[in-house]
1. Work out the mean other chain Cβ neighbour count within 10 Å for the residues of A:630-641 and drop it here as an integer.
2. With N denoting the number of residues in chain A, provide Rg(C-alpha) divided by 2.2 N^0.38 Å, to two decimal places.
3. How far apart, in nm, are the 7 Å Cα→Cβ label points at A:PHE577 and B:PHE79?
4. Using only Cα atoms, locate the centre of region A:186-200 and the centre of region A:64-141, then give the distance between them in Å, rounded to an integer.
5. How about A:LYS314: which aspartates and glutamates have a C-alpha closer than 14 Å to its C-alpha, ignoring those fewer than 8 places off in the same chain?
6. Which FRET efficiency value, to the nearest 0.05, do you get for B:LEU500 and B:ILE417 by plugging their Cβ-Cβ distance into 1/(1 + (r/R0)^6) with R0 = 35 Å?
7. Taking the alpha-carbon centroid of each part, what is the distance from region A:211-241 to region B:418-474 in angstrom?
8. Please give the contour-minus-distance gain from A:ILE639 to A:LEU49: 0.36 nm per residue of separation, less the Cα-Cα distance, rounded to one decimal in nm.
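Laboratory data are not the source of any read-out in this text; all were calculated from the coordinates shown. These figures come from a predicted structure and were not determined experimentally. Using ideal geometry, Cβ is built from the backbone for each residue, glycine included, and neighbour counts are taken over all protein chains shown.
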Amino acid sequence: MTTSTVAVLSGLILLLPLAGALLNALVGWRLSRRVVNAIGTGSILAAFLVACVMLAQVVGAPDGAKSASAHLWQWLDLGTGGLRVGVDVTLDPLSAVMLMVITGVGLLIHVYSVGYMEHDRGIARFFSYMNLFIFSMLVLVLAADLLILIIGWALVALSSYLLIGFWYERPSAVVAARKAFITQVAGDVALVIAAFLIVVHIGTLSMPGIFAAAPSFASGGLLITVVCSLLAIGAFAKSAQFPLHTWLPDAMEGPTPVSALIHAATMVTAGVYLIARFHPLFDRAPVAQGMVACVGIGTAVMAGVIALSQVDIKRVIAYSTMSQIGLMIFAVGIGAYSAGMFHLATHAVFKALLFMAAGNVIHALHDEQDIRLMGGLSTNLRRTELCFLSGTFALAGIPLFAGFFSKEGLLGFGLTNGPGAFPWVLYLVGVGINVLTGLYAFRLWATVFRGEPQTARVYAAREAPRVMLVPVAILALLSAFLGLILGVWSLVIHDNFLIGVFARFLSPVFTTPASGPLAVDLSTGTAILAGIVGTLGSLLGAGLAARIWLQRNPDPSAVTARLPRALPQLAYNKFYFDEIYDALLVRPLVALARAARRVVEPRFMNSGVQTVSDACSELGAWVRDYQTGLIRDYASYMIAAAGVFVVATLVLVSR
Amino acid sequence: MTVLGVLPVLAPPPGIDILGLLPEVILAGGFIVLMMLDLVTAPAQRGWLAVVSVVAVAGAFGATVWCWFDAATPRTVYFGAFAYDRFGLFINAIILVSTALVLMITPQYLNRRGLHYGEYYALILGAATGMMLLAGAGSLMVIFLAIELLSIALYILSGFNRTEPRSQEAAMKYLLLGGFASGFLLFGMALIYGETGHTQLTLIAAAITNGGGTVDPLLMAGIALLFVGLAFKISAAPFHTWTPDVYQGAPTSVTTFMSVTTKVAAFAALIRVFSYTFGEPLIYDRWKIIVYFVAIASMVVGNVAALRQTSLKRVLGYSGIAQGGYILIGVVVLTPAATWGSLYYLASYAVANIGAFAVITVMANRGEDLDSYASLRGLAFRRPYVAAAMGLFLLSLGGFPPTAGFFAKFFVFAAAIGAHELPLALWGIGTSAVSVFYYLRVGLLMYTRPQPDEPSYNWSRTSLSGGGVLALTAAGTLVMGIFVTLVLNIAVSAQNGIVLHG
């Protein structure tokens, strides 16, 4: 794996989606729909092929040379001692995994979009945004310089904003897009401050340089804790973790392929990637790590409970995404980076699958999203249901489906490697999450596909066209067999059954003593016991769900109805976070703005800003008055100025 | 006598280095050829003259590139009259690229206006030759001659629209005030010569250094007057008054040309003379205050006056005055970073300003230029690509990333701060905040949907070459903002390569 190969391949993989985005943006409106589709999906197909080559390069590289950085061009160079920013890329197992997820799942979602957006007039705009998103995401994961990573980070937020607000005629979509963007910017600011602190302390923003200089931070010191906390806040905003999570459910206003691509498979997992990428820093900041782990598991519980109470099919999946990402954040918070990344990869597969299958349902019911009005769809949407079921099994962590391997692996680490004095406390919470996951996953499947149709519309539902079914089917096969294949492979090479191959592939990246599989052996008795208990939790949840909701007229609020009234009320209203933020942040700000308009502006601004602006304008008018158009005036200005200059220099000479 | 003896070009006498002026010679040759071709070209065929002139410019550009590699060690040629260095060649390249771009949008514009006469092309090449001589001038006399050469050509070009009173007025104003400025210039040169006994820049610098700590009043007066003459050419306040009137009156293709190339060439002379010949601390302390004042005055006057304009040509004229103020920061500050910052600024200004004026040029219709604010409203809905390109140029002129203009301002301001001239940088930052108002206002107008009852303006269709120029300048604006070091390295090497000793 030579530097020039990496440079060429990463140049290609970045240019292809960018070219697709530009082409569709600039000339898409005069091309036929067929050509626009071809450009949009073709560019991602090509990028996927390049990603496969890159993965092959990493796999084929000898041990100890699995990571290579390439310098594409120097962006900024302020000389010796000044800031130098190179457009550098790194190809290593970690970025290779991300590349495969982004381009692979991205490709299937693009193909799916061809069918889903068939009747939308803005198809060129849509594909141009989607390609821009893939490009931004690739910049983010390939970047070997923190500033370039931040550029990708911000571009991702931009394209997410554009895609959530894709149907800009809907006020709710515009508001949701704005909310997502503002929340993301809060994270961006944290990230930028972290970058400032790093560059002040180390003097470089190059990521290999930062990691090499990591020992210069006092372990557990204040500076490293602050830096890592800021990085974590950036990750929380992107990954919709508490307390910056409220934008994700609203983001479901975007087209369903967007939800699948951005808000399930790729963008929201960027926070997990960021923490995994910066593990040399996090390993030296145990306090920040503990904070990350607690926020992750807390979000997982909270989002799981909310998912159980929601009745909008996309919002249920959105909260389940939030919950699963909480688990990943928990994993990278306890140093189980490989396990977190493995769950990221399998989750991308089965969650994109669930979203796209839900998209089929919504499509068949003409934009109906309320699960109380569905039911009995299995007769008309047989194939979609099969695929959906595969995703549900994987999500619930039913043995031998993809989610089982990654989730049990992840929770196993929690028991042996968790933070604080009682790691098993967090583990027990994890088992509780397994029960919750089983409950809400099967609740969704049962209420949507089983039982009796709740509205007449269900009888008229028609199965999705092939272009929308094939991508879903491919993902369904992957979520059924990906984990199993890797598991069998792990057994063949005598490694841990759950995450062996994957952890071994990533081990060159996570080599520091405190991180990764090196620290813990999952094949110990405790770990096996943990796995069994966790699996039993998942099965318990699934079984309960089947008992409650597998009936003719399932009641989606069956569980919550039996609890004290306050609890379901809380969950249904998403623990009132939107209202709390509204009261704490939005209203005071609006009130402040009103007050500023009523008090500050007329009293102070008119004498301040307004005066400056008036003065500029007046000065402009004054200058214009001197612009008489008469040559004799112009000549006299020149003489006067020249005279003043000569006198000024002469006076200075005699000084 | 050998054959070579008959051909002085191939075996020149010692001290005459024909290669040192190769680009200028090629361009001057093109000038003569065009004059003769014009006599035998039928009026309908005059488009070919544009082709010939572009070929001449391309030849000169090729020669410039060749010279760039040849001039790795800077030296003076023609007995010290010219500097053969990368600094001059960098400026040459900017001038030649700008000239070629202007020539590409010219024939269409002239045809629409019924002005398609052959001498236009000859005059453009003549002016460009003068500018390149100015960029490489190593002696006060050459500076004067080069300025006269380029000025005379531009006087005629400003009045090229013979039937239009505005154009006549512009030419007359430019001529009279230009002659006035030449007087200052020449008087200043005479004083400097009288004091030092030299016209050659390197010898003047040596004479000042050998002067031994005393500064003569007459030398300072000469320097002040010389600055007045050059400040007129870069249209710095308070010598800017001609600029908006001439820019508005002259044919737009001519405005496009002179708003960029004259400024670039005059800045080359300014930097060469002031930063590198009069850089002696004793003298620098005394002229610095004038340039300091002029820089701030240009930034303030240019930006503030542009706020109240309603004609895009005048706005761009004032914006050019302000941009000149920013580049003057690089003259006031003597560090190398300031010089290469100014060079980068000149390149970025050239690209964006040519693009912005080219938009007006290519969209002008038979009757008028359509540069009023009212006629810009809703442009984006009828000419999306043109409006997008224009938006990019305005962003670059306003200094937004990721365009060239952001880094141009960044480098110049950073150089000022690095040289402990913080107030200068603050003036720059403050006035560029003001400038955002009128740049974005134009952008806003283009993207505002026109009311149904508003008169609709008859924008011309963009020709292939016109669209090509817009695409090239737009791409240049972006490339210089994304692949910064591409041009930056050349600018740094141009700064390193400036001739300091004869």
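1. On the way: counts 2, 11, 1, 1, 10, 7, 0, 6, 13, 3, 1, 9.
Across the residues of A:630-641, the mean count of other-chain Cβ atoms within 10 Å is 5.
2. Numbers: Rg = 27.9 Å, N = 655, 2.2 N^0.38 = 25.9 Å.
Compared with the compact-globule rule of thumb, chain A sits at 1.08.
3. 8.4
4. 22
5. A:ASP250, A:GLU253, A:ASP367, A:GLU368, A:ASP370
6. Working from the Cβ atoms, E equals 0.85.
7. 41
8. On the way: separation 590, 0.36 × 590 = 212.40 nm, distance 7.08 nm.
Taking 0.36 nm per residue and subtracting the Cα distance, the gain is 205.3 nm.
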